[in-house]
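What follows draws every value from the coordinates through simple rules; no lab data is involved. Bear in mind the structure is a predicted one, so any value in this text is a computation, not a measurement. In this analysis, Cβ positions are derived from the backbone assuming ideal geometry, glycine residues included, and neighbour counts consider all displayed protein chains.
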Amino acid sequence: MSALTADEAGGANVAAFLDMIAYSEIGPELLALRADGVEVTALVRPAHETQRLEAAGVEIVRGDASDLTTVTNAADGCRHIYHLAAARGSHKLGYRAYHLLNRGLSESVGRAALAVGVERVVFTSAATLTGYTGPERQTEDTPARPNSAYRSSRLVDEGIFDRFAKRDGLDVVTARVPPVMGPGARGWARTVRS
């Protein structure tokens, strides 16, 4: 991920809704925004470690990103929302659970964005929605073929934000982010050591 400028990030104030993976992998970008003078609010789960964000002056709101009141309060006064929260990984969740959890997160974020009048929601989906397993080149036109419950849930969430955009006029950018590798990205450790 390349560093965002303050203008690209939404100027004066942004909200980021994070899960632990997003915090460890994307959190450094929030620190860079803060260093550029952007006011950043991060909604994180109660148990998440946030010392680096707090030391940089990021406002921390602890709570559940599927709770509409919590999300609305965290987003109030922000111009942009970066929705990075998701149930993912080896939670051993079934298909239905992934869909229920991730749909709840996305619905709360979209409804809160409309309630407080944010200018834009950036929804991070997954580049792996294509079911990619080989060397073929992928483009924006590569059809989605999710091959896991998580990936399927992210495709449904893309549809949720498409509806918010079409029905309610919410400015939504969906970014199909590839797996992140770098400091804090623990999921790659086993693969790299192999």
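Taking packing as the residue-averaged number of other Cβ atoms within 10 angstrom, the listed peptides 114-120, 154-160, 81-87 run from highest to lowest as 81-87, 154-160, 114-120. Classify region 51-182 as rounded, prolate or oblate, taking a ≥ b ≥ c as the square roots of the eigenvalues of its Cα gyration tensor: rounded when a/c is under 1.5, otherwise prolate if a/b is larger than b/c and oblate if not. Prolate, because a/c is 1.5 or more and a/b exceeds b/c.
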